[in-house]
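Enquirer: Dropping the structure in here first, questions after.
The values are calculated or read from the model by the stated rules, or taken from the named source; none is laboratory data. If you're wondering where the values come from, they're calculated on a predicted model, not measured in any experiment. Positions of Cβ are backbone-derived with ideal geometry, glycine not excepted, and every protein chain shown enters the neighbour counts.
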Amino acid sequence: MKPLQLASLFCATFALVHPAAAEWFVRPSALYVSYQNCGYGDNTGLSLAAGTTLGSLAQHELSVEVASLKWSISQYNGWYTIGSGHFVTYLAHYRFRFGPNNSRLRFYLGPSLGLANFRGNLTQYRFGVVARDNLGRWPLAYGGTAGVTLKFSNVTELDVGYRYLYIARSEASSNSAYIHIRTKAIKANLLHAGLSFRF
């Protein structure tokens, strides 16, 4: 099933579970990405989430999000590896929001689960052989998030937080019979800041 179909199914589930949801929202965000993997430099990204809140205190938040996270690598560990591109993540999020619904300041935490599309170009030089891979795979992605929201009005809300993201390793054939390119699992710390528009 394609990511857009998954997103549509997820949103339809919202409506079935709670057809009279308290609020729907969209949330564009800017991201700062710090990769834990050796050779990967810190980078930036953008995301767009949409979802709804459930419960008498609007304490349950469900959303789907698409994000683009830039990456670049320059590493030597017996052979040279260089490359750049971006991860496109498709994640479903659940957040538990602490505090009353009319509070201006609320804290939250929750898990995330979905897929990541590994896009870009990766080149390895080994024993005088050059191998290139045009990446385009779909490994599993998951993580958790914690943060705080600050309500400006009944329509707008600032969202600032931290997210840990894990993208499973993947493999692919290259243009060389001598080198098999394998991307290790990606571990990243993300800081995000966004603005929610509720309706």
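Enquirer: For Phe10, all conditions in the list (1) in a strand (DSSP E or B); (2) modelled with pLDDT under 85 hold save one; what is the number of the exception?
Expert: With respect to (1) in a strand (DSSP E or B); (2) modelled with pLDDT under 85, Phe10 is out only on (1).
For (1) small (Gly, Ala, Ser); (2) at pLDDT 90 or above; (3) surrounded by 14 or more Cβ atoms within 10 Å (Cβ to Cβ), each residue gets a yes or a no:
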position: Gly99; (1), (2), (3): yes, yes, yes
position: Gly120; (1), (2), (3): yes, no, yes
position: Arg132; (1), (2), (3): no, no, yes
position: Gly136; (1), (2), (3): yes, no, no
position: Thr149; (1), (2), (3): no, yes, yes
position: Ser170; (1), (2), (3): yes, no, yes
position: Ser174; (1), (2), (3): yes, no, yes
position: His180; (1), (2), (3): no, no, no
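Enquirer: Now a separate question. Based on what the data block shows, is Arg104 more than 26 Å from the chain's Cα centre (by Cα), farther than 23 Å from Gly41 by Cα and either modelled with pLDDT of 85 or more or small (Gly, Ala, Ser) (or both)?
Expert: yes
Enquirer: Assess whether Val64 counts as being aliphatic (A, V, I, L, M) and modelled with pLDDT of 85 or more.
Expert: Against the criterion (aliphatic (A, V, I, L, M) and modelled with pLDDT of 85 or more), Val64 qualifies.
Enquirer: For the stretch 30-65, give me each residue that is out of contact with any Gly (no Cβ under 6 Å at 6 or more places or on another chain), in a strand (DSSP E or B), touching a residue at least 24 places away in the same chain (Cβ under 8 Å) and not hydroxyl-bearing (Ser, Thr, Tyr).
Expert: The answer is Ala30, Asn43, Gly45, Ala49, Ala50, Gly51, Leu54, His60, Glu61, Val64, Glu65.
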